[in-house]
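Q: Take this structure, written in structure tokens, and hold onto it; I'll ask about it next.
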Number of protein chains: 2
Amino acid sequence: MIRWHRDDFETMEKRFRTNFFNSLTGYKAATLIGTINAAEQTNLAIFSSVVHVGANPPLVGLVCRPTSVPRHTYQNIKAMGYYTINHIHHTFFEQAHHTAARYSAEVSEFEAAQLTPDYSDLHPAPYVVESPLKIGLQFVEEHEIAANGTIFVVGQVIETLLKPGSLCHDGFVDLEQSGIVTISGLDSYHRTETLARLPYAKPNG
Amino acid sequence: MIRWHRDDFETMEKRFRTNFFNSLTGYKAATLIGTINAAEQTNLAIFSSVVHVGANPPLVGLVCRPTSVPRHTYQNIKAMGYYTINHIHHTFFEQAHHTAARYSAEVSEFEAAQLTPDYSDLHPAPYVVESPLKIGLQFVEEHEIAANGTIFVVGQVIETLLKPGSLCHDGFVDLEQSGIVTISGLDSYHRTETLARLPYAKPNG
């Protein structure tokens, strides 16, 4: 095994360091966050920091870096109170990745990435038509991480849209059947192959 | 598309609801968190809520439910100040899943799951020998999510252990080459197949 510690981390070249620590946390959800501002300009940004926070009430967390590329996302969430999470299908992962480019405020990433916005009557944030699994959220609370200034944003799920064939009888949503991809590091996209669904774990089971 | 909103969520049967909302956030890192208490009892618990928080300093987040099964993990992190994240290889995902069973405090999940603890000279928390990618962390800060009482725990990476063949020249760690699995929902395990690593996104690129 290669064993590194703090002194080794400090001598890493910047890009190497970014790739390394973004890989370390394993496979991540590959999602597009859809928002809109008060002037009705839409924004779409790729995020790999979506995390389950709870099922009752249904809560989802998101790590935002207010000073980096997708800052419009955080500003729009705070200003409007709503946002969408749209899972990335293998047919448009390259378009989704392209939303990370530094466009000016006037350019919507929907147009730049050739993806289609769609709206619900429940909230103003745009969904991605092409996504097979979409979540509408209302902002609930935020926590600033003192150690680096990132913000942990928590939202409550107020709407879900999914393909009928992906829903199992027990509530499980089959991401693989839906063609949803996963991301590792900053830029590596993967499809999946199921090993198994395992039964509820019991001692000596 | 199946479209559901709050009223639909409230009528869901408990297990259905848990499966559904645990699936919604997409693919997740499948990890074992290793801890120890002051009496030197080790604990090992499966978590799918690890998230990247930053690369400089290297920070990792973890959603803990203090009142659910892996509560020893949170108690041990707070008491000792250190913990490990061990990625799950496809050869032991069933053993890893088994750590979720409700063992009494006297039983170490290392023994119950037939996995092997190993130690570093940098901190007291146990690693999993069988894991191809291991991270040692020091507790930094915590944030209680008011909406449901879960805790967002942030730690700083102080040590990493990885297989030489998995490290690319640019710092990217190849999880797929390492045989690391991803999890969806509460109980579905997957291997991956790479689609592509994409170049840094630029406008009109």
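Q: Using only the Cα atoms of the protein assembly as shown, construct the convex hull and provide its projected area averaged over every direction, in square nanometres to one decimal.
A: Details: hull surface 72.7 nm².
Over all viewing directions, the protein assembly as shown projects a mean Cα-hull area of 18.2 nm².
Q: Taking Cα centroids, how far is segment A:88-140 from segment B:53-103 in Å?
A: So the two Cα centres are separated by 32 Å.
Q: Starting at 0 and stepping by 10 Å, how many percent of the alpha carbon pairs of segment B:1-83 end up in each bin?
A: 14, 37, 28, 16, 5, 0
Q: Give the relative contact order (percent, whole number) for chain B; include only Cα pairs under 8 Å separated by 6+ residues. Walk me through the intermediate numbers first.
A: Working: 372 pairs, mean separation 46.9, N = 205.
Relative contact order, chain B: 23 percent.
Q: Looking at segment B:92-158, I'd like the Rg to Rh ratio, where Rg is from alpha-carbon atoms and Rh is Kirkwood's inverse mean 1/r. Don't jump to the answer; show the numbers that get you there.
A: Details: Rg = 14.5 Å, Rh = 14.2 Å.
Expressed as Rg/Rh, it is 1.02.
Q: Once the Cβ-Cβ distance between B:Val129 and A:Asn37 is put in as r, and R0 is 51 Å, what FRET efficiency do you end up with, to the nearest 0.05?
A: Working: r = 51 Å, r/R0 = 1.00.
Step by step, r from the Cβ atoms, then E = 0.50.
Q: Still on this structure, please answer the following. Within chain A, what's the longest run with no GluC sites (Glu not before Pro) in a DSSP loop and at most 14 other beta-carbon atoms within 10 Å? Give the range, please.
A: A:107-205
Q: Would you mind checking which residues have amide H under 5 Å from B:Lys163's amide H? H placed 1.01 Å from N; only 5 or more apart, or other chain.
A: Those qualifying (amide H under 5 Å, at least 5 residues apart or on another chain) are A:Ile2.
Q: Same structure, new question: Dividing the Cα convex hull volume of segment A:79-205 by residue count, how many Å³ per residue is that? List each step's numbers first, then the result.
A: Numbers: hull volume 24.9 nm³, N = 127.
Taking the convex hull of the Cα positions in segment A:79-205, it is 196 Å³ per residue.
Q: How large is ³J(HN,Hα) for each residue in segment B:87-98, as worked out from phi by the Karplus curve 6.51 cos²θ - 1.76 cosθ + 1.60 (θ = phi - 60°), to whole Hz, x for Gly and Pro?
A: 3J(HN,Hα) across segment B:87-98, in whole Hz: 6, 8, 8, 5, 7, 9, 5, 6, 5, 4, 4, 5.
Q: Rounded to the nearest percent, how much of the accessible area of segment A:127-205 (1.4 Å probe, protein heavy atoms only) is carbon and sulfur? Don't skip to the answer; put the middle values down first.
A: On the way: 1480 of 2910 Å².
On segment A:127-205, the fraction of accessible area on carbon and sulfur atoms equals 51 percent.
Q: Counting only heavy atoms of protein chains, what accessible area per residue, in Å², does the protein assembly as shown have with a probe of 1.4 Å?
A: 39 Å²
Q: Considering every residue in B:117-126, what mean count of other chain Cβ atoms within 10 Å of its Cβ is obtained? Don't jump to the answer; show the numbers that get you there.
A: On the way: counts 0, 0, 0, 2, 1, 3, 0, 0, 0, 0.
Average neighbour count from other chains, rounded to a whole number: 1.
Q: State the extension gain, in nm to one decimal, for the chain segment bounded by B:Phe139 and B:Ala79, taking 0.36 nm per residue of separation less the distance between their alpha-carbons. Mind showing how you got there, number by number?
A: Numbers: separation 60, 0.36 × 60 = 21.60 nm, distance 1.00 nm.
Working it through step by step, the gained length comes to 20.6 nm.
Q: Also, quick follow-up: Note down the net charge around A:Ala96, summing +1 for each Lys or Arg and -1 for each Asp or Glu among other residues with Cβ under 12 Å from its Cβ. Write out the running numbers ahead of the final one.
A: On the way: positive: none; negative: A:Glu94, A:Glu109, A:Glu130, A:Asp187.
Once positives and negatives cancel, what remains is -4.
Q: So, by mean Cβ neighbours within 10 angstrom, what's the order for A:19-25, B:29-35, A:186-192 with the highest one leading?
A: Details: A:19-25: 24.7, B:29-35: 27.3, A:186-192: 20.9.
In decreasing order of mean packing, A:19-25, B:29-35, A:186-192 become B:29-35, A:19-25, A:186-192.
Q: Quick one: Debye curve from the alpha-carbon atoms of segment B:1-147 only, equal weights, vacuum; give me log10 I(q)/I(0) at q = 0.10, 0.14, 0.17, 0.19 Å⁻¹ to two decimals.
A: -0.39, -0.72, -1.00, -1.20
Q: Over the whole of A:178-186, what's the average partner chain Cβ count within 10 Å per residue? Rounded to a whole number, please.
A: That average works out to 6.
The values are calculated or read from the model by the stated rules, or taken from the named source; none is laboratory data. Keep in mind that what you see is a predicted model, and the values were worked out from it rather than measured. Note that each Cβ is placed from the backbone with ideal geometry, even for glycine, and that neighbours are counted across all protein chains shown. Ligands, DNA and RNA are stripped out before the accessible areas are found, and what is left, the full protein with its side chains, is counted by its heavy atoms. Shrake-Rupley method; radii C 1.70, N 1.55, O 1.52, S 1.80 Å.
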